[in-house]
Amino acid sequence: MDAAEALAVVVRGIRRGQGLSQEDVSSIGRSHLSRIERGELNITLDVLVRLAGILDLDPAALILMATSLQAHESFKDGLKRLSKQLNRIKKTGIDLEIESLVRAGKLPPGRPARSEAAANALEANRLRKKGMRVVEIAERLGLSEATVRRYTKISPSD
């Protein structure tokens with residue numbers, strides 16, 4: 001069972017268990033909900049959050065139940081699994097890192113720079129000033145030519 005199918009079973013089961021018709025969940029749209037409940041759609045996080053709100057649940061509960069179905073485990077065992085993971089996150093301090101990112105504001109676009117990026121950029125510029133060609137710098141530092149050009153601000157034609 002893939003993720004969309006597992007979520008379909010969970011959503012349909014909860015909706016029916018709460019005595020709701022598809023029309024009662026109209027802010028999602030009946031046709032859209034029908035496709036979700038048949039496992040035909042991979043929904044966005046925004047739709048998941050909205051759907052969970054309509055069903056008066058936390059979105060994490062829907063995901064936990066769906067992943068538990070996929071793993072052929074009870075919801076109780078899924079909750080234990082999740083609890084262990086959250087404890088591991090807390091123990092390693094990742095939760096504090098996430099909180100500091102939130103306090104810092106919007107994350108910069110793109111992937112984070114590698115720890116050696118600054119050193120590579122300095123070395124690429126040093127080698128370029130010595131007259132070394134981009135292709136040679138890339139080979140020496142184990143970088144792509146595009147990265148060396150970016151570090152040294154050289155256009156592809158140079």
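The values are calculated or read from the model by the stated rules, or taken from the named source; none is laboratory data. The shown structure was predicted, so the numbers you read here are calculated from the model rather than taken from an experiment. Here Cβ is always computed from backbone atoms with ideal geometry, including for glycine, and neighbour counts include all displayed protein chains. We work out accessible area using only protein heavy atoms, side chains counted, and drop any ligands, DNA or RNA first. Shrake-Rupley method; radii C 1.70, N 1.55, O 1.52, S 1.80 Å.
Surface exposure of the chain, expressed per residue as accessible area with a 1.4 Å probe, stands at 70 Å².
Whenever you get a sec, compute what percent of the accessible area on the range 18-107 sits on carbon and sulfur atoms (1.4 Å probe).
Numbers: 3600 of 6310 Å².
Here carbon and sulfur together make up 57 percent of the probe-accessible area.
Helix 94-104 and the long axis of the chain differ in direction by around 80°, with both axes built from C-alpha atoms.
As a check on your grasp of the helix formula, calculate [θ] at 222 nm for the chain: sum -39500 (n - 2.57) over DSSP H runs of n ≥ 4, divide by the residue count, round to the nearest 500.
Details: 9 runs with 103 residues, N = 158.
Helix contribution divided over all residues of the chain: -20000 deg cm²/dmol.
Ligands, DNA and RNA aside, Arg88 has an accessible area near 140 Å² when probed at 1.4 Å.
Apply 1/(1 + (r/R0)^6) to the Cβ-Cβ distance of Lys76 and Val9, taking R0 = 22 Å, and write down the FRET efficiency to the nearest 0.05. After rounding to 0.05, the efficiency reads 0.80. Projecting the alpha carbon convex hull of the range 11-135 along each direction and taking the average yields 13.3 nm².
Where does each of 2-12, 34-44 land if you order them by average Cβ count within 10 Å, highest first? Numbers along the way, then the final one.
Values: 2-12: 18.6, 34-44: 15.3.
With the highest mean Cβ count within 10 Å placed first, the list reads 2-12, 34-44.
Whole-Hz Karplus values for the range 31-43 come out as 5, 5, 4, 4, 5, 5, 5, 9, x, 8, 10, 9, 7 Hz, taken residue by residue from phi with 6.51 cos²θ - 1.76 cosθ + 1.60 and θ = phi - 60°; glycine and proline positions read x. Taken one residue at a time, the phi angles of the range 19-24 give Karplus couplings (6.51, -1.76, 1.60, θ = phi - 60°) of x, 9, 8, 4, 5, 5 Hz. Gly and Pro are set to x. When Rg and the Kirkwood radius Rh are both evaluated on Cα atoms of the range 1-43, their ratio Rg/Rh stands at 0.95. With respect to the chain, whose longest principal axis is taken over its alpha-carbon atoms, helix 3-17 is tilted by about 30°. Note on the range 48-105: dipole from Cβ charges, positive end direction compared against Ile54, Gly93, Leu64; the farthest Cα belongs to Gly93. Using a Cα-Cα cut-off of under 20 Å, which lysines could be cross-linked to Lys90, ignoring same-chain neighbours fewer than 8 residues away? Answer for Lys90, where 20 Å is the Cα cut-off: Lys80, listed by chain and number.
Within the straight-line cut-off of under 17 Å between alpha carbons, the aspartates and glutamates reachable from Lys84 are Glu73, Asp95, sequence neighbours fewer than 8 places apart in one chain being disregarded.
Given +1 at the Cβ of Lys and Arg, -1 at the Cβ of Asp and Glu and no other charges, the dipole of the range 1-144 around its Cα centre is 720 debye to the nearest 20.
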